[in-house]
Amino acid sequence: MSLCMNNFCQGATTTAIFGELLCSKLEPSILEAVYNQTAINVAAEMMASIPAFRSNRSNLEKHILKTLAENENFEDYREYIHSPKQYFTRFIMNQAVKYLNNEKKKIQTIFRGNLKNLKLKINNAVFVATDEVLKKHGNADMWMGCFSKPLIEDLKFTEISNVDSMEMTDFDFLSNIVTEGLTKMVKNLRDADIKLEMLQKRSEEILTDHFCQCCWAQCPFCKAVCIGTMKDHDGEHSVPFHRANGIRGMSYRGTENLCCNFCTTVAQTDKEFYPNGESEELFPYKLYRTAGGVFATWNITPDCSELPYWKWFVCRFQQDLENLYSKKFQGSGIIPDEWKKYTKEDALESLNNYI
Ligand SMILES: [Zn+2]
Ligand SMILES: [Zn+2]
Ligand SMILES: [Zn+2]
């Protein structure tokens, strides 16, 4: 944007108008910069103080599983199992909103600190620009260039150009106008109630970038999410704990029976599977990679890593799972008695082995 200074404005008037215009242009960019910096600080505060955010994604997942068990809401579980990224994002947002509302006072203090720092930086730029122009007998363009230079990283504002530099000569006066205008503006911003919604989006973005820019591949058998921390990582997908396959709706073909096997356990047996609903070809679990496609991209180690958490889950939500998939844990998919002995406490405790 350029300001047209017409012939009627001269000398002091031009300087005053210029100074006030500059202040009014600075205000939105100061506000934006301070909110942006505060969002960065607040996201860091959240990562330091919210237990679910304190470490990596595996730790976050552990807290998600804990919260899911505590709330015992099947609809949440369904989203977590079938749309993990969507559920993780929602969980992160809920935690962030809770934090923002609970820590408003602390956030206001951070905001005011950032505002103060920026004000000092701008005042210093005014001082340096004025000093330089006076020393070199420069004009308004030179002042503007000198003023903008140290602020370019912090503030997004367009320079005021096409000022008739012959009209503006009193740079001490300009310096006073800008400094006073800035003081008044900063005081108003400082006293205003902080708008949490202006922090929410940016801080959530920082958190989801941190936790969700990773591999989201799901085990072709049980839908457990790969723990790869990079989006397109080298090597095969893997996860330390798989789930019972009926949890995601896997069933025995031609029956109403849900599967009740953990992938890691069944991979040690001589059982076979159809890679999809249409396939006529059976593949042995032991050689699951020969089924090709996504099966060839996973490393499923045959072991006995059956997390009691999922055994408790299947027993607790048996009815909901059966309704969701219109099938039953019966016949070959009957739930072993051993699974029924786990309490919710056992389930939660088993999560401590999770990372
Ligand atoms: Zn004018
Ligand atoms: Zn699996
Ligand atoms: Zn992966």
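The values are calculated or read from the model by the stated rules, or taken from the named source; none is laboratory data. Only a predicted model underlies this, so the values are computations on that prediction, with no experimental measurement involved. Positions of Cβ are generated from backbone atoms using ideal geometry, with glycine treated the same way; all protein chains shown enter the neighbour counts. The accessibility values were calculated without ligands, DNA or RNA, using every heavy atom of the protein model including side chains. Shrake-Rupley method; radii C 1.70, N 1.55, O 1.52, S 1.80 Å.
Per-structure values
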| quantity | calculated |
| --- | --- |
| Listed residues His242, His210 arranged by accessible area, highest first, probe 1.4 Å | His210, His242 |
| Table column - 3J(HN,Hα) (Hz), the stretch 122-135, Karplus curve with 6.51, -1.76, 1.60, x for Gly and Pro | 5, 4, 5, 5, 5, 4, 5, 5, 5, 4, 4, 5, 5, 5 |
| Value of [θ]222 nm, deg cm²/dmol, for the chain, DSSP H segments ≥ 4, -39500 (n - 2.57) each, nearest 500 | -18000 deg cm²/dmol |
| 5 angstrom amide H check on Lys328, placed H, neighbours 5+ away | Asn257, Leu258 |
| Net charge of Cβ neighbours under 15 Å - reference Phe221; Lys, Arg +1; Asp, Glu -1 | +3 |
| Those aspartates and glutamates that a straight Cα-Cα span of less than 12 Å connects to Lys62, excepting residues fewer than 8 apart in one chain | Glu349 |
| Two-decimal log10 I(q)/I(0) for the chain, as the Debye equation yields it once each C-alpha is a single scatterer, q = 0.15 Å⁻¹ | -1.19 |
| Reduced Cα scattering model of the stretch 11-207, Debye log10 I(q)/I(0), q = 0.08 Å⁻¹ | -0.41 |
| Other-chain or far-sequence residues with amide H under 5 Å of Phe273's (modelled H) | Phe283, Tyr285 |
| Candidate lysines - alpha carbon under 16 Å from Lys286, same-chain residues fewer than 8 apart omitted | Lys271 |
| Alpha carbon Rg of the stretch 245-353, scaled by the compact-globule rule 2.2 N^0.38 Å | 1.12 |
| Charge dipole of the stretch 72-206 about the Cα centre (unit charges at C-beta), most positive-ward option of Asn114, Cys146, Val178 | Asn114 |
| For the stretch 203-256 and the stretch 42-105, distance of Cα centres in Å | 17 Å |
| Sequence of Thr301, Thr130 from largest to smallest accessible area, 1.4 Å probe | Thr301, Thr130 |
| Cross-link pairs Lys85/Lys231; Lys66/Lys106; Lys116/Lys184 - those with Cα-Cα distance over 19 Å | Lys66/Lys106 |
| Aspartates and glutamates with Cα under 15 Å of Lys121, excluding same-chain neighbours fewer than 8 positions away | Glu27, Glu153, Asp154, Glu180 |
